[in-house]
6 protein chains.
Amino acid sequence: MVITRKVEFSASHVCRNPRLSEPENRKLFGMAANPHGHGHNYVVEVSLAGDPDPVTGMVLDLKELKEVLNREVVEPYDHRFLNYEVPPFDRVIPTTENIARDIWRRLEPHLNRDRHKLHSVRVYETPDLYVDFFGDETCSA
Amino acid sequence: MVITRKVEFSASHVCRNPRLSEPENRKLFGMAANPHGHGHNYVVEVSLAGDPDPVTGMVLDLKELKEVLNREVVEPYDHRFLNYEVPPFDRVIPTTENIARDIWRRLEPHLNRDRHKLHSVRVYETPDLYVDFFGDETCSA
Amino acid sequence: MVITRKVEFSASHVCRNPRLSEPENRKLFGMAANPHGHGHNYVVEVSLAGDPDPVTGMVLDLKELKEVLNREVVEPYDHRFLNYEVPPFDRVIPTTENIARDIWRRLEPHLNRDRHKLHSVRVYETPDLYVDFFGDETCSA
Amino acid sequence: MVITRKVEFSASHVCRNPRLSEPENRKLFGMAANPHGHGHNYVVEVSLAGDPDPVTGMVLDLKELKEVLNREVVEPYDHRFLNYEVPPFDRVIPTTENIARDIWRRLEPHLNRDRHKLHSVRVYETPDLYVDFFGDETCSA
Amino acid sequence: MVITRKVEFSASHVCRNPRLSEPENRKLFGMAANPHGHGHNYVVEVSLAGDPDPVTGMVLDLKELKEVLNREVVEPYDHRFLNYEVPPFDRVIPTTENIARDIWRRLEPHLNRDRHKLHSVRVYETPDLYVDFFGDETCSA
Amino acid sequence: MVITRKVEFSASHVCRNPRLSEPENRKLFGMAANPHGHGHNYVVEVSLAGDPDPVTGMVLDLKELKEVLNREVVEPYDHRFLNYEVPPFDRVIPTTENIARDIWRRLEPHLNRDRHKLHSVRVYETPDLYVDFFGDETCSA
């Protein structure tokens, strides 16, 4: 069984590789390479796989899940310029792919237990573009 | 190939375990433990896996699928107080996890055939919280 | 200029008039007359009309608006059985129309000021049914 | 890692099998068998599985993905009567299942590379009905 | 007070004026002039203005409103090619504007009463384009 | 009759008044005062009031409306840091209220004609917060 909870944050980012030239960055990332940055209302769906606890009927106490998501995802990311304020994006390009991987890295130590495991992290940059990350062990291709 | 159809129902429920004390229930379920109950517009997505019939081009006749979902899910659940009116929730806590499992149990006898199998049941309690159930045989963790 | 903020709550209700017979209630309200009650994820959009403050560029400080909506609407309504726990619904049928009027009554003393007025309260019972209330002075017909 | 991009098109179709009688078609497809056709705002979600390129941080250059989707899906399907204008639907019933399979067939030659593979094609006929296709090799049942 | 109910139908249409040349039609309507037609999932929101009945707490019995909308809008429009099957679109171009006006014309005789009036008809052709019609007496400009 | 078209852009902004102290800005705007900025997927709905042209059945040629919105709104705003790159936000705080007013100012010269007038500009900063602007002549309070 997989349970999924959604949270949201608003942030800005720039997509550029400092080792590439300006024209190369523009060709690759288009307007997203604009060095002033731009922003999104990011939507994150975090999924846990496990079995419901027989006492509570829940895979994980929803209040606890909400607290972990707020502390580990919303607080560090919300209303931030990711490249300047949220490591590792001072040195990693904050594409949707890399944001999903970083959210997984932040959540995994807090959500993997005997009864349930972190299953996936989905990040919507816009309603038309999203990434699902299942952890590095999963060969998702 | 997997085909998914969405249905909705409005119901109320209480999340409490009668073997726990009032403070334990409040700590675990928060406001959802309020014994008067509260309610949701539940959204259910039922998915069948199979191959399209060569004559119809459909995995399952959509009218038939709609009839099964109305008869087995919408009619017994809609406009009900689950704990009092919809077994097994007189003795099972109607968390989203347990609702998904019960909907699977109700649908499986009517939807598994040679050509297609019930693949998953997704239940949204709110737009921000949902559960996917794949049947007990599936080790989804 | 009109600024609108959305909040949500989950509640249950029964729609019956105690002065009508059971068949009359069933004929009028259908399944919504079920005395056990049923529930919804209600969505409320509160709109203020006014001009932005020249110092802040805002019609009303958004944090203040959020606090008023949480205190006056979400806290009293959320996770409640309206007929039993939220006056005046012990004596007024909690139709969407009456809920919108009650939310207006709760908010108006806190949101009408020199610079802005409460403009409207929209309540969605489901995504397919909603009511807009503009205050009793407005002849909306 | 799986990245998904959404595109939309508006088209009309008829669901009938010319080898069946009129009553058989009506029984099977209902109103969708009406020979004049009817239409939908189709939503397509195309998913690629792969690892982000270390230089770009992206599984696939989003501009390139967008160009492929527009050229291979939106241009041939948008504002068309599928049965009359978009092969193979002159001889294949344009059910959602068959549309998903055809979109896969059109995209696969352009999206499978060393670093990433076409993972799935989801087609929504309406918000309440959608199909996921994973390619013929996948035993999704 | 204004109460709004949403219904949906799927239909196809062609936007062309037979008194214009093919290039003029293409210039004016673009792909929508394709004579084979194309389709949409139309969403209609019908609003009534009035005061709640003191006995029922409702502006209009919701079951009655639903029956009127199904009989007058969904049944004649759903799964139809508007230009060929739904008068007046054999002689009136089925733009979103004209569809909204026709739905008003169909509903007004059934929804205007002492206690409430038809207030507006909103028609979404896609989620990105919609029209509000308030009846001919309203000078909405 | 009012016709509405939706467009979207992604941008970042900072809400601070340079004449206020840092604590005053934090108190007033909260996290939105963070000088690095943060971002949103803004959604804009532009409404025109008028009567359909008898030849076309449209209030305004949709292709022309789309071109105006792209040229006057999407191109200058999309993927920009509003405070640094989009006048007048070098000197006006880019609250949702002020963005709605600026979009009105940009569109009005291009959309007011004999047959139709710019009716309103709605700007969503998030799905939970939006502003409607009707032009300065309208006394919307």
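Derivation of every value follows stated rules applied to the coordinates shown; laboratory data play no part. As the structure is a computational prediction, the values presented were derived from the model and not from experiment. Neighbour counts run over all protein chains shown; Cβ positions are idealised from the backbone, glycine included.
Charge tally for residue C:11 (other residues, Cβ to Cβ under 11 Å; Lys, Arg +1; Asp, Glu -1): -3. Net charge in the neighbourhood of residue D:83 (other residues with Cβ under 13 Å of its Cβ; Lys, Arg +1, Asp, Glu -1) is 0. Beta bridges assigned by DSSP with both partners in chain C are antiparallel in approximately 95 percent of cases. Say we join alpha carbon atoms closer than 10 Å with springs in a Gaussian network model of chain F; which of F:95, F:126, F:56 then has the biggest fluctuation? Among F:95, F:126, F:56, the largest GNM mean-square fluctuation belongs to F:56. Of A:13, C:110, C:119, the sequence from fewest to most neighbouring Cβ atoms within 10 angstrom is C:110, C:119, A:13.
For the stretch C:2-138, a crude dipole built from +1 on the beta carbon of Lys and Arg and -1 on the beta carbon of Asp and Glu, taken about the Cα centre, is about 260 debye to the nearest 20. Largest GNM mean-square fluctuation across E:97, E:24, E:45, computed for chain E with C-alpha springs under 10 Å, falls on E:24. Binning the alpha carbon pair distances of the protein assembly as shown at 20 angstrom intervals from zero yields the distribution 14, 47, 37, 2, expressed in whole percent.
At q = 0.19, 0.22 Å⁻¹, what is the log10 ratio I(q)/I(0) for the stretch C:2-138, with the Debye formula run over Cα points and no solvent? Here the Debye-derived log intensity ratios amount to -1.07, -1.33.
Over chain A, dividing the summed -39,500 (n - 2.57) contributions of all DSSP H runs of at least 4 residues by the number of residues returns a 222 nm mean residue ellipticity of -7000 deg cm²/dmol.
Of all chain E C-beta atoms, the nearest to the rotation axis linking E with A is recorded, alongside its rounded Å distance, as E:127, 5. I'd like to know which of F:23, F:49, F:33 lies farthest towards the positive end of the charge dipole of the stretch F:2-138, counting +1 on Cβ of Lys and Arg and -1 on Cβ of Asp and Glu. Towards the positive end, the residue furthest out is F:23.
Under a 5 Å amide H cut-off, with hydrogens placed 1.01 Å from N, residue C:86 pairs with nothing among residues at least 5 apart or on other chains. Using C-alpha pairs below 8 Å separated by at least 6 residues, the relative contact order for chain A is 29 percent.
Between D:27, D:117, D:66, the Gaussian network model of chain D with springs among Cα atoms under 10 angstrom shows the greatest mean-square fluctuation at D:27.
State which entries of A:63/F:27; B:63/E:66; E:6/F:117; C:6/C:117 exceed 24 angstrom in Cα-Cα distance in the structure shown.
A:63/F:27; E:6/F:117
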